Amino acid sequence: RKAPSSEDNPNHDFCEFLMELAENERNVNRNIHKYNAYRKAAASLAAHATRIKSGKEASKLEGVGQKIAQKIDEFLETGKLAKLEKIREDGVGPAISTLTRVSGIGPAKAKELYDLGIRTIEELKLHENKLNHHQRIGLKYFEDFEKRIPRDEIKQVEEIISSELTKLDKDFQITICGSYRRGKAESGDMDVLITHPNYTSDMPKSKSEALLKQVVSALQKIELITDTISVGDVKFMGVCKPKDTARRLDIRVTPIDQYFCAVLYFTGSDMFNKQMRAHALQNNFTLNEYCLRPIGSTGVPGAPVPISSEKNIFEYIDFPYKLPEERN
Ligand code: DCP
Ligand code: MG
Ligand code: MN
């Protein structure tokens, strides 16, 4: 599937205005239904191989209803959308979109800041006291976090982490997940999954917490990790700086017997995960980042089924196997 804004998508201008309308629904009106509806229509148009010539033609696509068809006609006739012009002029949506570019700032927080008169990143820098720890780090590295991470750099970090962990214990296993595992040329952050054969799900969470601490400390020591946003018993969120640019780094620890469900979840994409979980439910299974469980006739999930590979999860729920590259 092509990205809605990709230049080689013959309908990219329609997709762009739909995505802008979507953002506005989420950020200003807090209407997730309309947000999803616009995004779905944009995805349909992006998947369509030829240039759409009218609203009527567009309305044949999945997720494109009468209202969106009218907007396509208006855009084809006038080259713009009155609704969008108004949104841009009003300025609330664009200001909120700007503020939500800071890691840790969601639409609600952005609206709160907007109501305090803060409109731009420059103005936000004068009001750091309004931000929590995560948001301050987001602001501190604002420019760096906007930069995409090339595959090569992630590969180098993988090698560094792998060699550090081997020094701690040769049995540590690491897998870089997220968009990197899906084969993307560039990623927004690095998603590192760690497991160890001696750590199983029947052990207390303190075991996971200790492993995570050990890993994070080692990476701080070599000055790869520079900041911690948050750290719990299974998840670290923070910052690493392999070269000149600071990068967002997520680390998860999983028990060895939950590794395949963890790797599947952490590889994503988030849309793919939603699809696959819905498919699992249709086949009377419940799937999450920990395990796959059959749902009995009473509607209660049973014990987790044993899983021998990622593919095995697809087999249980009768879902055609997809390579990581195909999970977008
Ligand atoms: N994930 C999910 N649902 C969420 C957030 C994450 O299922 N709400 C899963 C699927 C994601 C994976 O975790 O692919 C990693 O999350 P990221 O936010 O790092 O997303 P990606 O790695 O897919 O993309 P990016 O390149 O932007 O980091
Ligand atoms: Mg990622
Ligand atoms: Mn991530």
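Rule-based calculations on the coordinates, nothing more; no lab input. Computed from a predicted model, the values in this text were never measured in an experiment. Note: ideal-geometry Cβ built from the backbone for every residue, glycine included; neighbour counts use all protein chains shown.
Relative contact order (percent) for the chain, with alpha-carbon contacts under 8 angstrom and 6 or more residues of separation? Mind dumping the intermediate values first?
On the way: 482 pairs, mean separation 35.2, N = 328.
Across the chain, relative contact order equals 11 percent.
Please compute, over every Cα-Cα pair in the chain, the percentage with a separation greater than 37 angstrom.
On the way: 15100 of 53628 pairs.
Counting every Cα pair in the chain, those more than 37 Å apart make up 28 percent.
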| query | For segment 225-327, taking Cα atoms only, what is the radius of gyration to one decimal and the Dmax to the nearest whole Å? | reply | 16.2, 56
| Kirkwood Rh, Cα atoms: Rg over Rh of segment 200-244 | 1.06
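Taking K and R as +1 and D and E as -1, what net charge do the other residues with C-beta under 12 Å from the C-beta of HIS279 add up to? Could the numbers behind the result be given before it?
On the way: positive: LYS274, ARG277, LYS322; negative: ASP318.
Its environment carries a net charge of +2.
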| field | Order by protection proxy (mean Cβ within 10 Å, highest first), peptides 17-24, 133-140, 53-60 | value | 17-24, 133-140, 53-60
| Hey, could you pull the Cα Rg and Dmax for segment 61-163, both in Å? | 19.5, 60
